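Worksheet for the structure shown next.
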Amino acid sequence: MPKLQLALDGDLSDGLAVLEKAHACVDIVETGTPLVFREGMRAVRVIRAAYPGLRLLSDLKIMDAGEAEADIAFDAGADIVTVLGLSGDETIQGALASAEKGDGQVMVDMMGVADPTQRAAELIALGCDLLCLHTAHDQQSRRGSPWRQLAQVRAAYPALSLAIAGGVSLSLLPQILPLHPQIVVVGSAITAAADPGLAARLIHEGIREYGDA
């Protein structure tokens, strides 16, 4: 069954207000990069304290100093940190080393990677087991959802754990779910909705209905 990851990119108070309404339908909560820029690891600590049962991802998009930067997020209470697939192999290995110290996990964000299928092969060789196909926010109006890249990588690596992010909404689930992502990342389709709790519930139910079919 795919998991629903809620990306919180606003300020912390807005994020907590959304979580209060939506947390029952969320499997993973993400402190998005803009939120990390605003609040630093305080956002991770506050959400961890408020929702100890939720898995917590810190979207650091690590590009250098992989072990040291991942350590910061894991020490604050994150379960998952992100590193960019464009990063050097040494940086990715450092983030993986940080995760191995405890029970952490690394998600490799493939945003901007020219050939995700080829890069996936290299990342698997490094020991990565969770990749995120991600259309950048600034490119969504031109490129749309990354579900086509998800299709390519899924075809090449049927057993690999994959996430999809960037412009994901309820209307795109029929294209996304047949590709069997392990994680569906949703941001503004929930956080900007008039009723975030209802939006989260509808997306969560859509995921569950497909998984139960």
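The values are calculated or read from the model by the stated rules, or taken from the named source; none is laboratory data. Fair warning: this is a prediction, and the values are worked out from it, not measured in the lab. Cβ: placed from backbone, ideal geometry, glycine included. Neighbour counts: every protein chain shown. Keep in mind that these areas ignore ligands, DNA and RNA; they rest on the heavy atoms of the full protein, side chains included. Shrake-Rupley method; radii C 1.70, N 1.55, O 1.52, S 1.80 Å.
Listed values, structure above:
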{"read-out": "Qualifying residue in the stretch 5-12 (condition: modelled with pLDDT under 95 and either open to solvent by 60 Å² or more (accessible area, probe 1.4 Å) or part of a loop (DSSP other than H, G, I, E, B) (or both))", "value": "no"}
{"read-out": "Residue in the stretch 27-43 that is more than 17 Å from V108 (Cα to Cα), crowded, with 17+ Cβ neighbours inside 10 Å, in contact with a Phe, Trp or Tyr (Cβ under 8 Å, 6 or more places away or on another chain) and not charged (D, E, K, R) present", "value": "no"}
{"read-out": "Cβ-Cβ under 6 Å pairs, at least 6 apart or on other chains, the stretch 30-59 side without any contact (Cβ under 8 Å) to a residue 60 or more places away in the chain and more than 12 Å from L12 (Cβ to Cβ), far side of a type in the set (K, R) and open to solvent by 10 Å² or more (accessible area, probe 1.4 Å)", "value": "T33/K61; L56/R48"}
{"read-out": "Scope the stretch 194-213; condition at pLDDT below 95 and surrounded by 16 or more Cβ atoms within 10 Å (Cβ to Cβ); matching residues", "value": "Y210"}
{"read-out": "Subset of the stretch 46-89 (residues that are crowded, with 24+ Cβ neighbours inside 10 Å, acidic (D, E) and assigned to a loop (DSSP other than H, G, I, E, B))", "value": "none"}
{"read-out": "Selection count, the stretch 90-140, where residues are of a type in the set (D, E, K, R), in contact (Cβ under 8 Å) with a residue 24 or more places away in the chain and open to solvent by 40 Å² or more (accessible area, probe 1.4 Å)", "value": "5"}
{"read-out": "Every pair of residues 6+ apart whose Cβ atoms lie under 7 Å, when the first sits in the stretch 165-193 and is open to solvent by 30 Å² or more (accessible area, probe 1.4 Å) while the second is in a loop (DSSP other than H, G, I, E, B)", "value": "G167/T135; G167/G144; G167/S145; L172/S145; Q182/P2; A189/V168; A189/S169; T191/G10"}
{"read-out": "Test: residue in the stretch 106-120 that is part of a helix (DSSP H, G or I), over 14 Å from L4 (Cβ atoms), in contact with a Phe, Trp or Tyr (Cβ under 7 Å, 6 or more places away or on another chain) and of a type outside the set (G, A, S)", "value": "no"}
